[in-house]
Amino acid sequence: MTSPLNTASSLLCWSNVLYVVGAILTLGTSALVLFEKRLAGKGVEIKHSVRNEVFFVASAVICLAGTCGAIYFGGRVSDIKDADLAAYKKTADGQIAQANEDAAKALSDAATANQKAQEAKLKAETTSVANTSLKIELAKHEGQEHEAEAKLATQQEQNNQYAHALGLQQQTMAQQMHVSPELNNAQIDAIAAELKPFAGQEVIMHRTSDTVVGRLGSSIANAFLRAGIKFPSYSNDIDQLYQGVSVVVHADQGHPPLADALSNALMRQGIPVNKVAMDSIPVGKVALYLGPQ
């Protein structure tokens, strides 16, 4: 952001330029008039023209504008500098006064401290009871210091244990994230494209409570939505130990076409699939069980 001083200084510079340009034009016009007068004095006929008059008036106007601008903006620059100087002096005076006040307070505090030290020294030298009290107080402080060090060591040990546990937790989360991939948008579109012929059919979904498994389940559910596959039941089964991705159908009833299409679509995206048959699954239905690998 341009300051008022910079603006005024720039305008003052341009005013000076106008003044110099006007002066040069005026000098040139005067020289031209003088030249024509000499020619007239030698008997050379000079045709009257308003050109020289126009040049002369224009030069004078430019010179006048430059002069007025230099006077005005010179005053503005001077006023701004005076105001800045006054503000600086005011700030400096305040800082000097504060420094003097701080110095006086420091001298007063030092004098008070010296006085208390002298009193303590005199009391220690003249009173043996006071010496004994000081020794007892010193021993008390040393005991408190040892207690504080013991507490600090205990706290540091707790912090180290917490950091170790946090590291193990982060390592476990990283391993889970590695073995339970999350589908990207292109993979979701590819699965949806393979399942669109089965739009309107249903898949029963179950998953463990792991966060990374939940992300995988959400991305598969997104593919179902894009393909028009319904999943009226999507349960988060706490304390269950599902392993990997399993496509489950009713036992001894064959594989519905949707089950095979779902298994193939997931495996084509790099996700291993277990094909399972269970009596608990309704006949003709397909279920999807998700857990960590």
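Leaving out same-chain residues fewer than 8 places away, which lysines sit with a Cα under 20 Å from that of K121? Output for K121: K135.
Mind pulling the angle between the C-alpha long axis of helix 4-41 and the longest principal axis of the chain? Nearest 10 degrees, somewhere in 0 to 90. With both axes taken from Cα atoms, the answer is about 40 degrees. Counting only lysines at least 8 places from K196 when in the same chain, those with an alpha carbon closer than 16 Å to its own are K230. Across the stretch 180-290, the mean sequence separation of Cα contacts (distance under 8 Å, 6 or more residues apart), normalised by length, yields a relative contact order of 34 percent.
Before anything else, pin down the relative contact order of the chain: Cα pairs under 8 Å, at least 6 apart, normalised by residue count, whole percent. Relative CO of the chain lands at 14 percent.
Our helix-only sum for the chain, with -39,500 (n - 2.57) per DSSP H run of n ≥ 4 divided by its residues, gives a mean residue ellipticity at 222 nm of -25500 deg cm²/dmol. What do you get for the angle between helix 128-179 and the principal long axis of the chain? Use alpha-carbon atoms, 0 to 90 degrees, nearest ten. Approximately 70 degrees, to the nearest ten.
The ranking of C63, C68 by Cβ neighbour count inside 10 Å, starting from the fewest, reads C68, C63.
Pairing the Cα long axis of helix 257-268 with the longest principal axis of the chain, what angle in degrees results, from 0 to 90 and rounded to the nearest 10? Value to nearest ten degrees: 50. Ranking of I191, I238 by neighbouring Cβ atoms within 10 Å, starting from the fewest: I238, I191.
We did not get these values from a lab; they are worked out from the coordinates using the rules stated. Bear in mind the structure is a predicted one, so any value in this text is a computation, not a measurement. Note: ideal-geometry Cβ built from the backbone for every residue, glycine included; neighbour counts use all protein chains shown.
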